Amino acid sequence: VTAGIRRDDHERFGAETTARLAGAWRLGEGLSLRASWGEGFKAPSLFQTTFFCCGATEPNDALIPETSEAFDVGLEWGSSDGRLQVGAAVFRQDTENLIDFDFAIGGYLNIAEVESTGLELTGDLALSESLNLSLDYAYIDAEDADGNPLVRLPEHSGDLTLSYDPDGAFSGAVLVRYNGSETNTDTTTLDNWLRVDLTGRYAISDRVEGYGRVENLFDEDYQQILGYGTPGLSGTLGARVRV
């Protein structure tokens with residue numbers, strides 16, 4: 001069991017005390033239950049209190065700090081031989097006065113109430129001594145008090161990684177990344193996307209290592225934020241020297 005208390009004292013936005021409590025309980029061979037509860041406090045940043053655009057003539061001077069309360073509960077299980085580990089957790093976070101950008105006012109504002117609930121799944125499987133497969137998936141349902149979905153936050157997202165790391169000079173990994181559809185600031189929907197990346201390294205000697213990375217292997221055309229393009233097929237090659 002762990003516990004903590006934090007005190008924030010902001011010159012402009014006042015003081016706030018928050019707390020956190022977390023614990024884990026071993027239920028049996030390889031099986032554990034974990035849970036945590038915590039509070040949050042975030043004062044508007046200097047940028048958020050001074051930035052304005054899009055026809056606005058001044059920043060929003062009515063911004064106030066955001067506060068939150070959250071909890072999660074999860075189960076984790078590992079096989080006796082250590083080759084397989086899986087986990088599942090549910091969570092909920094209630095936020096008041098969430099700080100977000102709004103094009104309609106050309107600056108930052110507070111969203112009175114946001115409720116986020118979700119599920120996280122993780123898995124890790126050793127296929128052999130040198131080959132490993134890992135997976136993580138998240139489902140997040142985040143809405144404001146009027147039932148509107150939170151913008152730029154996909155309901156479904158996840159990664160699948162196949163890594164190769166033998167006792168040799170070469171190691172590498174294949175990463176498949178999925179991002180589900182999400183709502184834009186103009187209420188339209190941004191399409192989901194799937195991207196494949198490659199990474200690798202080669203030890204030329206004890207002191208010299210070559211490395212490389214390929215992003216967006218299949219040259220997918222996608223956007224993470226409406227109106228902002230993303231690179232197509234791209235790569236990096238380099239070397240590291242240890243002295």
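What to note about this one:
- Subset tally (residues that are free of Cβ contacts under 8 Å to residues at least 40 places away in the same chain and either part of a loop (DSSP other than H, G, I, E, B) or open to solvent by 40 Å² or more (accessible area, probe 1.4 Å) (or both)) for region 86-100: 9
- Selection status of E115, out of contact with any Leu (no Cβ under 9 Å at 6 or more places or on another chain), more than 22 Å from K42 (Cα to Cα), at pLDDT 95 or above and open to solvent by 40 Å² or more (accessible area, probe 1.4 Å): no
- Meets criteria (under 30 Å from D167 (Cβ atoms) and touching a Pro at 6+ places or on another chain (Cβ under 9 Å)) for L131: yes
- When S163 is tested against the conditions (1) surrounded by 15 or more Cβ atoms within 10 Å (Cβ to Cβ); (2) of a type in the set (S, T, Y); (3) not in a strand (DSSP E or B), the lone failure is (3).
- Scanning region 175-197 for residues that are open to solvent by 60 Å² or more (accessible area, probe 1.4 Å) and hydrophobic (A, V, I, L, M, F, W, C) returns a single hit, L194.
- Residue match in region 137-146 (condition: small (G, A, S), assigned to a loop (DSSP other than H, G, I, E, B) and under 26 Å from T117 (Cα atoms)): yes
- Any hit, region 214-227, residues being among the polar types (S, T, N, Q), modelled with pLDDT of 95 or more and in contact with a Ser or Thr (Cβ under 8 Å, 6 or more places away or on another chain): yes
- Restricting attention to region 166-180, the residues that are modelled with pLDDT of 95 or more and either charged (D, E, K, R) or farther than 22 Å from D124 by Cβ (or both) total 2.
- The number of residues in region 65-85 that are in a loop (DSSP other than H, G, I, E, B) and either aliphatic (A, V, I, L, M) or more than 30 Å from S130 (Cβ to Cβ) (or both) comes to 1.
- Qualifying residue in region 52-64 (condition: part of a strand (DSSP E or B) and open to solvent by 60 Å² or more (accessible area, probe 1.4 Å)): no
- Close pairs (6 angstrom Cβ cut-off, 6 or more residues apart or separate chains): within 16 Å of S36 (Cα to Cα) in region 1-17, open to solvent by 70 Å² or more (accessible area, probe 1.4 Å) anywhere: A3/L21; G4/R20
- All positions within region 214-243 that are in contact with an Asp or Glu (Cβ under 7 Å, 6 or more places away or on another chain), open to solvent by 80 Å² or more (accessible area, probe 1.4 Å) and not in a loop (DSSP other than H, G, I, E, B): R240
The values are calculated or read from the model by the stated rules, or taken from the named source; none is laboratory data. Being a predicted model, the structure only gives us computed values, none of them experimental. No Cβ is skipped: glycine too gets one built from the backbone with ideal geometry, and neighbour counts run over all protein chains shown. Each accessible area value is taken on the protein alone, full model and side chains, heavy atoms only, with ligands, DNA and RNA left out. Shrake-Rupley method; radii C 1.70, N 1.55, O 1.52, S 1.80 Å.
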